[in-house]
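Have a look at the structure below before the remarks.
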Amino acid sequence: MRRHAVQHLLMGGQACVLYGAAEFSRDADLALLASPENLTRLRTAVGELDATVVAVPPFETQYLDRGHAVHFRCGDGLRIDVMSRMRGVGPFPDLWARRTTLMLPGQTGESLEIDVMSLPDLVSSKKTQRDKDWPMIRRLLESNYFEFRERPTPSRVDFWLRELRTPELLVECVAKFPEEAAGKESGRPALIAAR
């Protein structure tokens with residue numbers, strides 16, 4: 001995808017792994033810009049991976065614009081699911097502006113740069129009707145809180161107070177940031193209970 005300059009963001013289970021909430025995932029989920037130029041680059045990239053569309057819908061802009069995922073199966077068995085619109089998150093240009101770029105070790109020793117959906121956007125995209133997504137949201141928030149609670153920023157504190165799912169951590173967060181919590185009580189009744 002990077003070699004063919006496909007403007008995309010890693011999301012789903014693989015992104016959860018990178019954010020420290022380990023999850024086994026058999027596929028790669030990508031959010032992408034559904035412009036004609038970007039979709040042409042995607043066609044070239046999946047062609048190089050010997051990927052074909054599996055199931056429905058077909059790989060056409062109209063389905064991506066409606067929020068459907070297009071599913072590819074690569075020659076080596078990897079499945080790639082691509083979407084351009086998701087419920088609960090903004091349009092792709094907004095997601096792109098908030099992305100996280102990570103450097104990971106590549107197979108031949110060089111670094112591999114990966115653009116990942118921001119954690120707040122990933123959490124929002126995981127708020128589905130699938131039962132398996134809610135424990136993952138909890139793990140993502142716990143991992144982020146444990147990693148950064150000694151280095152809080154206003155945006156992190158706001159994120160934790162809006163999204164933490166673990167009662168003990170929510171109580172701890174409210175105790176550490178009482179002024180910030182006070183301003184959010186009307187939007188989240190659990191904050192009143194945590195105080």
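Bear in mind that the values in this text are calculations on the coordinates, not laboratory data. Owing to the predicted nature of the structure, the values given are computational and were not obtained by experimental measurement. Virtual Cβ from ideal backbone geometry, glycine too; neighbours counted across all protein chains shown.
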Given that compact globular proteins tend to follow 2.2 N^0.38 Å, what is the ratio of the alpha-carbon Rg of region 8-118 to that value? 1.06
How much FRET efficiency would the formula 1/(1 + (r/R0)^6) give for Arg43 and Met103, where r is the Cβ-Cβ distance and R0 is 22 Å, rounded to 0.05? 0.20
Taking only complete DSSP H runs, can you tell me which helices of the chain stretch 27 Å or more along their own long axis by Cα positions and average at least -1.0 on the Kyte-Doolittle scale? none
In percent, what relative contact order does the chain have, based on Cα pairs under 8 Å that are 6 or more apart in sequence? 17
In which sequence would Lys126, Lys132, Lys176 go, from the one with the fewest C-beta neighbours within 10 Å to the one with the most? Lys132, Lys176, Lys126
Most to least packed among 136-145, 34-43 [average Cβ atoms within 10 Å]: 136-145, 34-43
With no solvent and one equal point scatterer per Cα, compute the Debye intensity ratio I(q)/I(0) for region 81-195 at 0.12, 0.13 Å⁻¹ and report its log10, rounded to two decimals. -0.52, -0.61
Given a Förster distance of 30 Å, the FRET efficiency implied by the Cβ-Cβ spacing of Leu18 and Gln129, rounded to the nearest 0.05, works out to 0.75
Neighbour-count order for Trp96, Trp134, Trp160, fewest beta carbons within 10 angstrom listed first: Trp134, Trp96, Trp160
Can you give the FRET efficiency to the nearest 0.05 for Glu113 and Ala182, using r as the Cβ-Cβ distance and R₀ = 41 Å? 0.50
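What's the long-distance tail for the chain, i.e. % of Cα pairs beyond 26 Å? Show your work: numbers first, answer last.
Numbers: 7267 of 18915 pairs.
It works out to 38 percent of all Cα pairs.
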Answer with one residue from Asn38, Gly90, Gly106: the one whose Cα lies farthest towards the positive end of the charge dipole of the chain, charges on Cβ with Lys, Arg +1 and Asp, Glu -1. Gly90
